[in-house]
1. To the nearest 10 degrees, how steeply does helix 40-54 sit against the main Cα axis of the chain, on a 0 to 90 scale?
2. Please give, to one decimal in nm, the separation of the simple spin-label points placed at Gln361 and Asp285, each 7 Å out from Cα toward the Cβ.
3. If contacts are Cα pairs under 8 angstrom and at least 6 residues apart, what is the relative contact order of the chain in percent?
4. With a Förster radius of 41 Å, plug the Cβ-Cβ distance of Thr260 and Ser105 into 1/(1 + (r/R0)^6) and report the FRET value to the nearest 0.05.
5. With the dipole of the chain worked out from charges on the C-beta (+1 for Lys and Arg, -1 for Asp and Glu) around the Cα centre, which of Thr343, Gln249, Tyr384 lies farthest toward the positive end?
6. If each residue of separation counts as 0.36 nm, what is the full-extension length gain between Glu142 and Asp163 once their alpha-carbon separation is subtracted?
7. Placing +1 at every Lys and Arg Cβ and -1 at every Asp and Glu Cβ, with all other atoms neutral, what dipole size does region 35-250 have around its Cα centre, in debye to the nearest 20?
8. In debye to the nearest 20, how big a dipole does the chain give about its Cα centre with +1 on each Lys and Arg Cβ and -1 on each Asp and Glu Cβ?
Amino acid sequence: MNASTVVSTVVLSIPVFFVFSKKVLALSFVRLKMKYFCSMNIFSGTLLDWYAENKRDLPWRNTTDPYLIWISEIILQQTRGAQGYEYFLRFIKRFPDVVSLAAASEDEVMKYWQGLGYYSRARNLHAAAKSMKGTFPKTYAEVRALKGVGDYTAAAICSFAYDMPYAAVDGNVYRVLSRYFGIDVPIDSTEGKKTFTALAGEVLDKSRPADYNQAIMDFGAVQCTPQSPNCLFCPLSGSCRALSEGKVQQLPVKQHRTKTTNRYFNYIYVRMGAHTLIHKRTEDDIWKNLFELPLVETEKDLSEEEFLACPQFHALFAEGEVRMVRTLLRGVKHVLSHRVIYTNFYEVTLPDNSSSFSSYQRVAVEDLGRYAVPRLIHAFLEKYV
């Protein structure tokens, strides 16, 4: 190549270079890195070989029914596979198809979801089932449009049920791709989400999308774990960029930390002979549409003496009514994703014909099990009632 050719090549390249946006350049760089460290076939092929030997036996993997896959994916959004197993079996036994789920009351759906947490998932499931008119959708766009279904869930359902070539990108996939290709773009940034989604699509084995998606997610859950990944016996260790550079524990990168707030709950278990009192949470807050015991929330943790003297507690009682009060449990710490709830439980005994707590629902103690309650309340009732 002569000098004039080199100059003209450089001159022609300059405007093209500047036309590219940073995002395009970043994606191009990732593609180059991918080609440099391993071919797509080697990466996906190794994962599929590993999956053939290490596949977890889960009930939702033995079906291509989109309804069952949908239920399992919604459960697994915030629940580990082992923990979700029994809940999945119980849920589909009662609601085996779209029609049965749509026909149920929301209270019953919430009751069968009890213990899984993140109850908005159950409300969204119920609403989505009603919108289907008896038939589960068959296209990616229709599945993606269901209430509570995002890009990952839609890709998972369509690949597992219909073998459509959509890459499912969850936390496990982010971690595997970030470590293997050495990508330090924050996964919770707009750029990161676009970069990893594009890369996931590049390495997807489009001839076996269902198996490949299951393989990379299992690999992240079992082999390339968040803490203490099994790098010594990893089939990808020879070409893993994070391992070669000593950055396994630094990847993937997150730019934001979850902020948590403390809340202070004081629950009151009321005894009125064979009856007690409950209340349905209808505010746009945690545990919406679940039932709970009478609650007094305070700005800080109160001692027993401080609580029994506080105006909110006294306002619950009819004037002059005799009551017996005792502390059942104090200092219970209940951790949610964005909140830590410090809880005390009290017992109040009142006459059968009491007019106190007038805004609460009176139910037979033996019927408490029919109502969906938060896990915190359920644990208390199991032990003390």
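Nothing in this text is a laboratory measurement; each read-out follows from the coordinates by a stated rule. These numbers were taken from a predicted model, which means no experiment stands behind them. Cβ coordinates were reconstructed from backbone atoms using ideal geometry, including for glycine residues, and neighbour counts include every protein chain displayed.
1. Helix 40-54 and the main axis of the chain meet at about 40 degrees.
2. Between Gln361 and Asp285, the simple spin-label model gives 1.7 nm.
3. This gives 16 percent for the chain.
4. 0.80
5. Ranked along the dipole, the leading option is Gln249.
6. Gain on stretching Glu142 to Asp163: 6.0 nm.
7. I would put it at about 280 debye.
8. Computed about the Cα centre, the dipole is about 1020 debye.
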